[in-house]
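The values are calculated or read from the model by the stated rules, or taken from the named source; none is laboratory data. Just so we're clear, the structure is a prediction, and the values are computed from it rather than from any experiment. Every residue, glycine among them, receives a Cβ derived from its backbone with ideal geometry; neighbour counts consider all protein chains shown. The area values use the complete protein model at the heavy-atom level, side chains included, leaving out ligands, DNA and RNA. Shrake-Rupley method; radii C 1.70, N 1.55, O 1.52, S 1.80 Å.
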Number of protein chains: 2
Amino acid sequence: MSDVLSNDLLQKMDAYWRAANYLSVGQIYLQDNPLLDQKLQLDHIKPRLLGHWGTTPGLNLLYVHLNRLITEHDLDMIYITGPGHGGPGLVANAYLEGTYTERYPAIERSRNGMQRLFRQFSWPHGVPSHVSPETPGSIHEGGELGYSLAHAYGAAFDNPNLIVACVVGDGEAETGALATSWHSNKFLNPARDGAVLPILHLNGFKIANPTVLARITPQELTDLMRGYGYEPHFVEGDDPAVVHQTLAATLERVLGEIRAIQDKARNHGDTERPRWPMIVMRTPKGWTGPKQVDGKPVEGTWRAHQVPIADFKNPEHLTLLEDWMRSYRPDELFDATGKLRDELQALAPTGRRRMSANPHANGGELLEPLSLPDFHDYAVTLTGPGALKAEATRVLGTFLRDVMKNSLESENFRLFGPDETASNRLDAVLQVSPKEWMAAIEDVDVDLSPDGRVMEVLSEHLCQGWLEGYLLTGRHGFFSCYEAFIHIIDSMFNQHAKWLKACATIPWRKPIASLNYLLTSHVWRQDHNGFSHQDPGFIDHVANKKSNVVRIYLPPDANCLLSVADHCLRSRNYVNLIVAGKQPEWQWLDIDAAVRHCTTGAGIWHWASDEGEPDVVMACAGDVPTVETLAAVKLLREYVPDIKIRVVNVVDLMVLQPSSEHPHGLDDRRFDELFTTDKPVIFAFHGYPWLIHRLTYRRRNHVNIHVRGYKEEGTTTTPFDMVVLNDLDRYRLALDAILRIPRLADQRDAATSRYWATMQRHKLYIGEHGDDLPEVRDWRWSA
Amino acid sequence: MSDVLSNDLLQKMDAYWRAANYLSVGQIYLQDNPLLDQKLQLDHIKPRLLGHWGTTPGLNLLYVHLNRLITEHDLDMIYITGPGHGGPGLVANAYLEGTYTERYPAIERSRNGMQRLFRQFSWPHGVPSHVSPETPGSIHEGGELGYSLAHAYGAAFDNPNLIVACVVGDGEAETGALATSWHSNKFLNPARDGAVLPILHLNGFKIANPTVLARITPQELTDLMRGYGYEPHFVEGDDPAVVHQTLAATLERVLGEIRAIQDKARNHGDTERPRWPMIVMRTPKGWTGPKQVDGKPVEGTWRAHQVPIADFKNPEHLTLLEDWMRSYRPDELFDATGKLRDELQALAPTGRRRMSANPHANGGELLEPLSLPDFHDYAVTLTGPGALKAEATRVLGTFLRDVMKNSLESENFRLFGPDETASNRLDAVLQVSPKEWMAAIEDVDVDLSPDGRVMEVLSEHLCQGWLEGYLLTGRHGFFSCYEAFIHIIDSMFNQHAKWLKACATIPWRKPIASLNYLLTSHVWRQDHNGFSHQDPGFIDHVANKKSNVVRIYLPPDANCLLSVADHCLRSRNYVNLIVAGKQPEWQWLDIDAAVRHCTTGAGIWHWASDEGEPDVVMACAGDVPTVETLAAVKLLREYVPDIKIRVVNVVDLMVLQPSSEHPHGLDDRRFDELFTTDKPVIFAFHGYPWLIHRLTYRRRNHVNIHVRGYKEEGTTTTPFDMVVLNDLDRYRLALDAILRIPRLADQRDAATSRYWATMQRHKLYIGEHGDDLPEVRDWRWSA
C-alpha cells in the first residue's frame, strides 16, 4: 500500500491525537495548571482520581482518522464506542471540535475553559466518567457493555447516507449481546439502509484479564469474522507513525468497499447479501501512557485500565505523571490562551459533519411525528359489554398495519419482535410490509424480503438494541415480545431508562419517540409452554425506574388496547409498557368508552356496578383478571343478591401511586372516590400481587385492599386451571368478597364449603377431560 | 467412509427411532387407542393439542445414535437439548429405556402405561410439554432458549470421564447467550475436564421464520465454527438410511478426536488448546411427519413447529394423523402388551449408562458436602463496635481462599465472576488457584492457568450458565458480580428458580447445592462509574420468586458476611443472594455477635440503643445504610439527647415478611417486639425503598414505617453525595426521626433549618473540593 498520508498530514494528525490524549489525561488527573505552564504540584491533582485511561488513546486515534475520512469524502458519520469507559476521549474530541463549548458555554476554548473541562470530569455535579447522554455526539452509554453494535445497526436502518463507525471493545465482545450482534448484517439492506463499520479494538485486556479474542490465533479471528459475514482488515502495531499510515490506508479501503457494495445494491439491483468490511485494530491498552509504574508494566496491560498512576504521596509518581503529560508536548498543541492551534483545528470537520454535532446522534433534532391512522376505525363494534370475544392483539395488528402503511414513504417506523409477530397475532402488518431478511430466501418462505420493515430475529437483545438505536436517531418503533422472556433485556431496559432520565435535564437533547413494549403471550395463557413461560415480573422491574420516564398499561380489552397504543405512539421520552393477551377474550367497552376509560386511567364500570356506596369494591387490572372479576360479580349476584358491588378497572397502573410519586398518580380524594375509605377491595391483578400493595400502601383504604395475582404457580395446564392455581379465579374472588363483607358473616362457612366443592369438581373434571369445565370455558357476561 | 452400521443394526436403530417418534406423536395427540389397534377415532384424540413436534424427530435420531455410541464404547454421557420444546422425545426415550417407569411406576411398560404416558403429556396435573425437571436425564429446562451450551460446559468441568452431548437449536443459536457460549472452549481443560460435543441442529426454522445459521453459506458456517475454535463435521440429508450411516460414522470419528485430544492432554502433557470437534446436523424440521396439510408444505418448514395437524372436525385430518402414526409401523415396534420388542430393547444402554438415568443428570445423587474451614478463623477482631474499618469482601476472600484450598483435591468447587474477582476484592482466592485460561498466555499475564478454578469471562451469561451446569451435576459454586449488571441474567435466574421450585415436588430429584450470588461493587459505591452502574433491583427480582427457594442477605459488616457465606455454602436447593460492599467500612460486630445476629436474621443492636420503650426505631438493612443510621443516631444524641432510640439491623431480608409468606418470616409478636406497634420507624434500606413496604404491609406498625433507599438518583460523585442525592444520608435520617417523634414537635422547624444549612454546606464543599466533607469522610462511631 502506498502511503495515504503525506508526512505533513501525518504529523498534524498525530498532533491532534496527542491533543486529545492530553485532554483525556488532564480530565482524569488535573484540577489546576491545565496547560502545565507550571511544574506539576500535588495540589494541581484532583483529590479523587476516577476514570478510565486504558481504552482512551485507541478511541482518540480512531477519532482523528475518522475525522480525516469525513472531511476528505464529506461523509455523514457518527461514532459509537462500545468501550464507553473512554468518556474522557469523547469529551476531549467534542471539545477540540468546538461542540462542547457550543453545548456548554462555560467550558470555553481557553485556559480557563480547559481547567473547567478537567475539573468537571468525575467531579461532583460535573460530568460522569463514561460516555453518557451529557456527551455530545453519543447515542450510547458506555456503562454496561455489549450493545454498541446493535445500537449501530439500529442507527443505520433507513439512513442510507449514514455510516456508523462502531468500536467494539474486545472485553465487550465476550458478552452475549455483542456476540450475536455481528449477525445484524443479515438484516441490513445496502440499498435502503446505511452502513455499519465495525472496528474491533483488540487492546488485549479487560479489568484484570486478557480478552478471549486477543488470545485466539489470527486465523481463528479471521475465520470468526468471515463466519459472521464480514471481511476483516487488520491494523496492528505500537509505533504511531506506522499505525497512522496503515489505519488511514485501511479506512480508505473499507470506505471504497462500502461504496462499492452500496453502488451494486442501489444502482445495479444486486440484492445478494454482501460481505461487509470490518477492521480489527490491535494496539496497546493505555497506549502512550506510562510504560511502567512501581516496576510493573502498565502500558499494554490490564493495569492501564483505570488510573495508571495513583498515590501521589509518592513524589516519583508526580514526576511520572508530569513526564507523561509533557510527552504530548502541549505547547505544540495549544497556544498560550489554551486554544487548539489553527493548523490542527483545520483537521476537524465543521458544523453538522462533526461527529460530536451530527444530528443523528441527537435524534430528537430529526424526529418527525408518525402519520397515525385514526384508531377508532379499527375498533371492535359492541352491542354491549361482553357481547363478543376478540383477540386484542389481532385487532391491534390491523391498526399497526396502517401505521406501517402510512410510514412506508417516510421510512421512520419499524416493528420488532423475536420471531413472534405472527405468534403474537400482529401478522396483519405483514400485509403491507414483509420481514427484513438478507440471508438466503427459499421457495417455501413467505413474507421475507430485503425490503421488509418487520424485524424478527430470535434474540431479544437484538430487537431491543436495534430499536434503541433506531429511536435514539429520531425514528419510531414498537416491540412485541412474550411476556416472560422480556426479562432477557431487563438490563438493557435499565440503561435506556437511565439514559432517558438523564436526558430530561439536558436542554440540547431533543425529545425522542418513546420505547413501546407490547408484552403478550402472557403468564395466564401459556398453554403450549407452561411454567418456564410464566413471569409477569417485568412490570415490577419497570415500576422501579424513575417515574418521569415509565408508564405501565394493562388494557382490559381490544378497544382499550387501541386507545393505549395510539397514545404511546404519540408520546415522547418514555418507556411505555403495555401488557395484553392474544387469545380470544370477552370485550367490554365500545371505542368511545374505551377512550374515556384510558384517559382517566382507572374508573368505575357502572354497567357492572350497583349505584351508591358499595359493600365491596371488585377491582381489576389486566385482561384475564378483568374476566375473572366480572365472572365473580355474576356469581356474587347469584349467591348474595342483596349486596352492593362496585367494579373498578385500572388501565394505567401508575394511577394507583400517590400523585407525589408519579405524575399519573390519582390524588387521594379521587382515589378514595373509587376505592372508598373503608370498604373491602378485592383486587385481581395481572402480575405479582404485592406490586399493588407497594403502589397503594399510602392510601387511606390500603388496609382493606386484598390482592390476588400470580404467585409463581403454574405448569402446562388449562387456562382456567392457571387462575385456579394462583387463587385468581372467579370462585375464589367471590369467596374473598363474601369473607370480607361484615354483614355476610353468617354466610362465610357455607360459601367456603361451596367454594371447596367447586374446586374439587374442577380438579376431577380437568383430570378426566383434559379441558376446562364447560361453564368456565363458555362463560359470558350479561348485565 | 465405510459403513459403520451393519444393515441389521441400521434397521434396528431405525426401528428404535420410529418407536421414539411414535411415542412422541402419541403424546401430543392421543388419549386413547395408544397402539392403534383400532381405527383412529375422534374421541381417541385429546381435546386440547399442546406440544411441539418440529424439533422432536431430530432429537430422537440423535438419542438412538448416542445410545449406540454409549453401548459400543461404554461411555459416561449425558444429553442436553437446547431445543427443549422436544419434551415428548426425551420423555419417549426415557420410557423406552425403562427409566421413566422406574421414576413413575404408574407409567408401566404396557398398553395401559403407554396410554397414561400419552394422556399425561400437556394434560392438567400431568407433565409439562417441555423438557423439564420432571424429565429423567435432564438438567436443562427447554423453555427459555440460549443456555444449553453453557450448561453443557458447566456439567463437563471437573468430570473428566463425562461426555456431554449438547444439541444446540438453530433458533436458539441466534440468542446472545448461546452466541457467546461457543467460546467456552477457551475455559475447558482436556486434561482435567470432560468433553462437550456440540451438535448444531440445523432444522432450518423457528416458529415463523427460517434461521440465520441455516441460511448463510456452508463456507460461512464452517468459518464461524472454526472461528469459535471447533472443527465442524457435517451430517446432512433427508433419507433416513443415508443419514443413519453418516451420523454413525461421524459420531465414531468425533469420539476418536475427543479421545485423541484427551490422550494428548492427559498422557503427553500437551497443554495447548485443542480444536474440539462439533457436528452440524442438517435434517428437516418435523422429519417423518406429514409432508403437506391442507395443501401447504409442513415437513421441512416452520409449520411443523408445534402441532402439525389440528382441527379434527375435518375428517381428512383424522386420516392424515392415522397414516402418519401408522407410518412408524407400531406393530413392528411393540408387542401386543405394548412392550418394546426385545431386539430393540437390546439397543439401549442399561443402568446408570442410560442417559435418562445417568447420575450426573440428577446431581444431588453425586453431591458431597464442601469441606469448609471454620469461618471464625477469618473474623475481623474488634475491640468494640466501630473500632476499625475493613473491606468486607476482602475478608470474605480469605475464607473463600481456604474453601477453595480444601476442595482442590475433591475438585467440586469453583468461583465464578465476570472479570471482577480482583475488582470485587476476592483475589486472595488466587493464592491457591489461578484463573482458568486455555487461550494463549503471555509473559505479562498473572494468575492464569489451564488448571485454574476461578472462572472469569466478561459474560454474566456464561458465569451463570456454567455455574448452573456445575451445580446441577452435583458440585458447589459461588458467583460474585457487580450489583447493577446481575440484571443481565435476570431471566436465567428466573428459570433456575423455577427449576428448583419444581424439583421440590419430585422425590427422585436429590437436593443440590444452592446457587450463591455475592453482589458487590454496589449502588452506593460506584465512584469510577456512576449512574449506569447503580441498580439494586435484583433484590426485588429475587423476592418475586417462590419463597421456598429464595433467600436474601444484607450483612452489615465483614463478620456478618462470613457467617452468612458459610451458611449459604452449606445450604441446598436455594438461590442465596448476598449483597455486601467491597470498600473499607466501619465494622460493628465481633464474630460471636455476628453469628447470633445472622442466626436470628434481625435484632436490636443494644450497644447503640437505649433500653426500654423507644421514641423512635432506627432500622437499617445493608452496609452503607447501617453506617448512615448509626451516624444519624449519633447526631440525634447530640441534637435531642433526651429521646430514646432503638437501632434494629436486618441481615435476612425475608424476616420482614409474615411467617405465612416466607419460612424465615418473623411471627408478628417477635416483629412487634423489634419494631414496636406504634412508634415511628425510620428504615434505611440498601435497595429501592418500596420493597420494605411490600414486605411489611401486613405488620401492625406498618403505617409508621418510613423508608429511605435508592430512588434512582446518581452520577459519578462522592460516596457521601450518593446517599445525599437519595435522602439516605445521616442528616436526613436524623431529621426524619425528629419530624416523626410527637414530643419533638416544637423542634421541627429548627431541625429542618439546620438540615438545609448542612446540605448547602455539603454542596458547596464538594463542588469546591471534589471530595466529601471531612466530618463525613472521617466519621467514626464511639458509643
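Miscellaneous remarks
- Residue selected from region A:731-767 under the condition over 15 Å from A:Leu636 (Cβ atoms) and either of a type in the set (Asp, Glu) or not in a helix (DSSP H, G or I) (or both), by the criterion nearest to the chain's Cα centre (by Cα): A:Asp749
- Filter result for B:Asn189 (surrounded by fewer than 24 Cβ atoms within 10 Å (Cβ to Cβ), within 29 Å of the chain's Cα centre (by Cα), part of a loop (DSSP other than H, G, I, E, B) and not assigned by the TED database to the domain that holds B:Met455): yes
- Considering residues of region B:425-450 that are open to solvent by less than 20 Å² (accessible area, probe 1.4 Å) and at the interface with another protein chain (Cβ under 10 Å from one of its Cβ atoms) only, the residue farthest from the chain's Cα centre (by Cα): B:Ala439
- Which numbered condition B:Arg259 fails, given (1) out of contact with any strand residue (DSSP E or B) (no Cβ under 6 Å at 6 or more places or on another chain); (2) more than 21 Å from B:Pro160 (Cβ to Cβ); (3) open to solvent by 50 Å² or more (accessible area, probe 1.4 Å): (2)
- Across region A:286-307, the number of residues qualifying as of a type outside the set (A, V, I, L, M), under 23 Å from A:Arg48 (Cβ atoms) and under 33 Å from the mean Cα position of the chain (by Cα) comes to 5.
- Among the residues examined, A:Val298 does not qualify as within 22 Å of A:Arg282 (Cα to Cα) and touching a Leu at 6+ places or on another chain (Cβ under 6 Å).
- Test result for B:Leu458, open to solvent by less than 10 Å² (accessible area, probe 1.4 Å) and at pLDDT 95 or above: no
- Criterion violated by A:Ala484 - all others in (1) open to solvent by 10 Å² or more (accessible area, probe 1.4 Å); (2) at the interface with another protein chain (Cβ under 10 Å from one of its Cβ atoms); (3) touching an Asp or Glu at 6+ places or on another chain (Cβ under 7 Å); (4) not acidic (Asp, Glu) satisfied: (1)
- Residue match in region A:223-244 (condition: closer than 25 Å to B:Ala179 by Cα, assigned by the TED database to the domain that holds A:Leu75, open to solvent by 10 Å² or more (accessible area, probe 1.4 Å) and touching an Asp or Glu at 6+ places or on another chain (Cβ under 7 Å)): yes
- Residue among B:Ser138, B:Ser122 that alone is buried (at least 24 other Cβ atoms within 10 Å of the Cβ) and within 21 Å of B:Ile309 (Cα to Cα): B:Ser122
- Selection within region B:191-220 - touching a helix residue (DSSP H, G or I) at 6+ places or on another chain (Cβ under 7 Å) and within 7 Å of another protein chain (Cβ to nearest Cβ): B:Lys206, B:Ile207, B:Ala208, B:Asn209, B:Val212, B:Glu220
- Breaking point among (1) open to solvent by 10 Å² or more (accessible area, probe 1.4 Å); (2) assigned to a helix (DSSP H, G or I); (3) under 30 Å from B:Val550 (Cα atoms); (4) not basic (Lys, Arg), for A:Ile692: (1)
Residue-by-condition table, conditions (1) aromatic (Phe, Trp, Tyr); (2) open to solvent by 10 Å² or more (accessible area, probe 1.4 Å); (3) over 22 Å from B:Asn362 (Cβ atoms); (4) within 8 Å of chain A (Cβ to nearest Cβ):
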residue: B:Gly126; (1), (2), (3), (4): no, yes, no, yes
residue: B:Leu145; (1), (2), (3), (4): no, yes, yes, yes
residue: B:Gly154; (1), (2), (3), (4): no, no, no, no
residue: B:Leu162; (1), (2), (3), (4): no, no, no, no
residue: B:Cys166; (1), (2), (3), (4): no, no, no, no
residue: B:Glu172; (1), (2), (3), (4): no, no, yes, yes
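- Which listed residue, of B:Gly84, B:Gly26, B:Gly54, is within 14 Å of chain A (Cβ to nearest Cβ), touching a helix residue (DSSP H, G or I) at 6+ places or on another chain (Cβ under 7 Å) and in contact (Cβ under 8 Å) with a residue 24 or more places away in the chain: B:Gly54
- Among residues of region B:289-307 that are modelled with pLDDT of 95 or more and in a loop (DSSP other than H, G, I, E, B), those with a Cβ under 6 angstrom from a residue that is open to solvent by less than 60 Å² (accessible area, probe 1.4 Å) and acidic (Asp, Glu), sequence gap 6+ or separate chain, pair up as B:Gly289/B:Glu299; B:Lys291/B:Glu299.
- Check on B:Ala20, buried (at least 24 other Cβ atoms within 10 Å of the Cβ), aliphatic (A, V, I, L, M) and in contact (Cβ under 8 Å) with a residue 40 or more places away in the chain: yes
- Enumeration of residues in region A:666-705 that are touching a residue at least 24 places away in the same chain (Cβ under 8 Å), under 21 Å from A:His541 (Cβ atoms) and among the hydroxyl-bearing types (Ser, Thr, Tyr): A:Tyr688, A:Thr696
- Candidates A:Thr398, A:Thr383, A:Thr393, filtered to the one that is in the same structural domain as A:Arg525 (by the TED database), free of Cβ contacts under 8 Å to residues at least 40 places away in the same chain, β-branched (Val, Ile, Thr) and crowded, with 16+ Cβ neighbours inside 10 Å: A:Thr398
- Against the numbered list (1) more than 14 Å from chain B (Cβ to nearest Cβ); (2) of a type outside the set (Asp, Glu); (3) under 28 Å from the mean Cα position of the chain (by Cα), A:Arg111 comes up short only at (3).
- Members of region A:563-595 that are in contact with a Phe, Trp or Tyr (Cβ under 6 Å, 6 or more places away or on another chain) and assigned to a helix (DSSP H, G or I): A:Val564, A:Asp566
- Taking residues in region B:542-553 that are under 14 Å from B:Cys503 (Cα atoms), and partners anywhere that are of a type in the set (Lys, Arg), the pairs with Cβ atoms closer than 6 Å and at least 6 places apart or on different chains are B:Lys546/B:Lys501; B:Val549/B:Lys501.
- The residue pairs whose first member lies in region B:580-600 and is without any contact (Cβ under 8 Å) to a residue 24 or more places away in the chain, whose second member is part of a helix (DSSP H, G or I), and whose beta carbons are closer than 7 Å, counting only pairs six or more residues apart or on different chains, do not exist in this structure.
- Hits in region B:690-715 (condition: of a type in the set (Val, Ile, Thr) and either touching a helix residue (DSSP H, G or I) at 6+ places or on another chain (Cβ under 8 Å) or not assigned by the TED database to the domain that holds B:Ala619 (or both)): B:Ile692, B:Thr696, B:Ile705, B:Val707, B:Thr715
- Among the residues of region A:493-508, those identified as in contact with a helix residue (DSSP H, G or I) (Cβ under 8 Å, 6 or more places away or on another chain) and more than 9 Å from every other protein chain (Cβ to nearest Cβ) are A:His496, A:Trp508.
- Residue, nearest to B:Glu661 (Cα to Cα), within region A:711-727, restricted to residues that are at the interface with chain B (Cβ under 9 Å from one of its Cβ atoms) and in contact with a Pro (Cβ under 9 Å, 6 or more places away or on another chain): A:Lys711
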